[in-house]
Amino acid sequence: MHTRAYIRGNIYTVLFRAAVWSMVSLFLGFCILVPVTKKVAWVLLQPRPAASAGAAVAPVKQSDNTFNPATTAWTYDFSKRPDGLVPVNDWQFERGTAVAGYHNELQAYTSRVSNARIENGMLVIDAHPESFDGRQYTSARMSTQGHFSFTYGTLEVDMMLPAGYGTWPAAWLMPKDNKYQTGEYGIASSDKFAWALNGEVDFMEAVGSMPGQIIPAAHSYNELHHLPTITPAVISNPYSQYHRFGVIKTPDRITFTLDGRPYATRTRTSDNPLDWPFNQPYYLILNLAIGGDWAGSQGIDISKAPWQMKVCSISYQPLPAGNTKNK
């Protein structure tokens with residue numbers, strides 16, 4: 001087994017002899033090493049190689065004042081991360097069944113390594129049929145909330161989707177601060193669309209009952225009161241090959257991309273936040289849901305279980321200077 005040590009500012013790989021030490025997982029992704037025998041384990045410290053020019057750089061908390069999403073491009077490359085637990089200093093996990101209840105989904109979300117981990121250089125989100133927390137399935141939902149958000153720029157996720165009826169993988173954006181409040185616009189907190197006052201951007205959303213179709217969306221409060229515009233992208237091999245799903249967010253439009261090519265756009269037609277609430281920071285969410293009102297409407301193909309959503313990398317590119325002002 002291995003972990004990382006920080007000594008005088010340097011990062012080392014630490015190898016523990018498995019015959020002597022056992023790793024016990026705790027809450028929030030923390031672990032402890034427990035001696036199995038009275039012997040002393042040997043430890044090998046290996047300095048991590050310095051990053052070369054153009055190497056992947058992980059997101060840093062904005063509060064560190066070392067990362068400015070408006071001007072800094074980065075790539076979060078899972079192949080540069082050790083196998084095992086997803087770094088909790090970069091990602092926040094949803095746990096339990098609260099958010100799954102919004103659409104009558106059937107999974108409980110966990111942060112267990114069986115549901116989310118780095119494996120062979122990829123992030124793997126695993127959904128399993130199992131009884132847990134009163135639900136029939138387990139899966140994972142993770143976000144960059146509190147770690148990374150952006151107002152304008154291009155965000156892309158290189159991923160491969162799970163196959164099978166009942167699956168609902170997604171890569172999407174939610175507002176960091178909820179800039180607009182319901183009381184300011186005469187919206188009751190009980191309004192079923194109140195959550196959309198600050199918007200939601202789905203740049204990769206798919207359900208297994210619609211094979212090969214990616215459904216993009218830029219939800220606003222007023223948009224949900226009308227028939228939403230749907231412009232799906234069709235992919236012939238989303239379950240066997242990786243594809244880059246992206247969103248370009250500017251003051252006047254939101255453009256959805258597939259493998260670097262735009263295929264759908266939503267354009268600002270009003271300054272009213274009820275129509276266009278997207279001029280605020282959003283963070284990234286990755287999750288794999290099972291069942292529910294939409295994804296489960298035609299049943300769940302249990303023969304495909306367990307289901308895996310895999311992610312190679314995530315990249316962000318700011319807008320060119322001068323392109324971030326509202327027009």
Cα-only radius of gyration and Dmax that characterise the range 154-279, units Å: 15.4, 48
Scalar couplings 3J(HN,Hα) for the range 259-269 by Karplus 6.51 cos²θ - 1.76 cosθ + 1.60 (θ = phi - 60°), nearest whole Hz, x for Gly and Pro, are 6, x, 10, x, 9, 7, 9, 10, 10, 5, 10
Under 14 Å between alpha carbons, and skipping anything fewer than 8 positions from Lys249 in its own chain: which aspartates and glutamates qualify? Glu156, Glu200, Asp202
If packing is taken as the average count of other Cβ atoms within 10 Å, what order do 148-156, 256-264, 283-291, 188-196 fall into, highest mean first? 283-291, 148-156, 256-264, 188-196
Checking rank on 91-104, 125-138, with mean other Cβ inside 10 Å and highest first, the result is 125-138, 91-104
Ignoring ligands, DNA and RNA, what percent of the accessible area of the range 192-327 is carbon or sulfur (1.4 Å)? 51
Computed for the range 124-280: size of charge dipole around the Cα centre, +1 on C-beta of each Lys and Arg, -1 on C-beta of each Asp and Glu, debye to nearest 20, value 200
For the range 191-239, count the residues as N, evaluate 2.2 N^0.38 Å, and divide the Cα radius of gyration by that value, please. 1.31
Please report, for the Cα atoms of the range 219-313, the Rg to one decimal and the Dmax as a whole number; what are they, in angstrom? 16.3, 48
Across the range 187-201, in residue order, what do the Karplus-derived ³J(HN,Hα) couplings come to in whole Hz, using 6.51 cos²θ - 1.76 cosθ + 1.60 with θ = phi - 60° and x for Gly and Pro? 9, 6, 5, 7, 4, 5, 9, 4, 4, 8, 4, 9, x, 8, 10
Restricting to Cα atoms and excluding each atom paired with itself, what does the Kirkwood estimate give for the range 111-156 in Å? 12.8
Just want to confirm a number: the relative contact order over the range 147-276, from Cα pairs under 8 angstrom separated by 6+ residues, in percent. 27
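The values are calculated or read from the model by the stated rules, or taken from the named source; none is laboratory data. Bear in mind the structure is a predicted one, so any value in this text is a computation, not a measurement. Note: ideal-geometry Cβ built from the backbone for every residue, glycine included; neighbour counts use all protein chains shown. For the accessible areas, the whole protein counts, side chains as well, though only heavy atoms, and no ligand, DNA or RNA atoms are used. Shrake-Rupley method; radii C 1.70, N 1.55, O 1.52, S 1.80 Å.
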